[in-house]
Amino acid sequence: RWPMMDHASRVDVILGKLAQEKGALGAALVSRDGLCVRSVGKSDLARETFSAMSATVMGAAEIALHELDGGPTRSIVASTDKVMFIVVGASREMLIIVSATTDTPMPPLVGKVQQAAAEMAKVLTGA
């Protein structure tokens with residue numbers, strides 16, 4: 001499936017597919033400590049700030065949700081009237097973040113981000 005592609009190219013393909021989803025504005029691979037590793041899409045975004053704050057939100061959500069049910073956090077969604085972002089863990093160290101317009105159907109997009117996260121996990125572990 002990944003003939004002769006290095007890890008960075010594989011990551012770019014996964015993020016690129018997410019960014020091409022209907023309503024998507026961009027996608028990023030972000031470390032859990034908030035560093036933007038790779039991103040595609042909306043270029044006027046302050047990537048460093050967005051990455052750091054998204055990772056912080058995910059960390060806080062994981063703590064709060066763990067208190068509620070003890071299970072792992074699958075995803076979080078935050079939105080305004082115009083845009084939303086979805087954060088999904090791709091590994092113990094990495095997150096995938098997708099931004100989209102709020103008129104984008106959320107359940108299908110969350111599912112696609114979760115599928116991409118599983119695919120990304122394989123790339124990150126060399127599987």
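The values are calculated or read from the model by the stated rules, or taken from the named source; none is laboratory data. Owing to the predicted nature of the structure, the values given are computational and were not obtained by experimental measurement. Quick reminder, even Gly has a Cβ in these numbers, built from the backbone with ideal geometry, and neighbours come from all protein chains shown. Ligands, DNA and RNA are excluded from the accessible area calculation, which covers all protein heavy atoms including side chains. Shrake-Rupley method; radii C 1.70, N 1.55, O 1.52, S 1.80 Å.
Observations, loosely collected:
- Residue in segment 19-55 that is surrounded by the fewest Cβ atoms within 10 Å (Cβ to Cβ), counting only those that are among the polar types (S, T, N, Q) and within 23 Å of residue 106 (Cβ to Cβ): 20
- So residue 79, is it among the hydroxyl-bearing types (Ser, Thr, Tyr), crowded, with 16+ Cβ neighbours inside 10 Å and under 15 Å from the mean Cα position of the chain (by Cα): no
- Looking only at segment 89-127, and only at residues there that are basic (Lys, Arg) and more than 11 Å from the chain's Cα centre (by Cα), the one that is surrounded by the fewest Cβ atoms within 10 Å (Cβ to Cβ): 92
- Which numbered condition residue 6 misses (of (1) among the acidic types (Asp, Glu); (2) more than 16 Å from residue 110 (Cβ to Cβ); (3) open to solvent by less than 60 Å² (accessible area, probe 1.4 Å)): (3)
- Checked against the criterion of being touching a residue at least 60 places away in the same chain (Cβ under 8 Å) and of a type outside the set (Lys, Arg), the candidates 64, 117, 27 yield just one match: 27.
- Residues in segment 70-84 that are in contact with a strand residue (DSSP E or B) (Cβ under 9 Å, 6 or more places away or on another chain), free of Cβ contacts under 8 Å to residues at least 24 places away in the same chain and not aliphatic (A, V, I, L, M): 72, 73, 79, 82.
Yes or no, residue by residue, for (1) in a helix (DSSP H, G or I); (2) out of contact with any His (no Cβ under 9 Å at 6 or more places or on another chain); (3) under 29 Å from residue 9 (Cβ atoms):
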site: 50; (1), (2), (3): yes, yes, yes
site: 55; (1), (2), (3): yes, yes, yes
site: 67; (1), (2), (3): yes, yes, no
site: 78; (1), (2), (3): no, yes, no
site: 86; (1), (2), (3): no, yes, yes
site: 100; (1), (2), (3): no, yes, yes
site: 109; (1), (2), (3): yes, yes, yes
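- Candidate set: segment 30-61, residues that are among the polar types (S, T, N, Q) and without any contact (Cβ under 8 Å) to a residue 12 or more places away in the chain; chosen: the one nearest to residue 90 (Cα to Cα): 49
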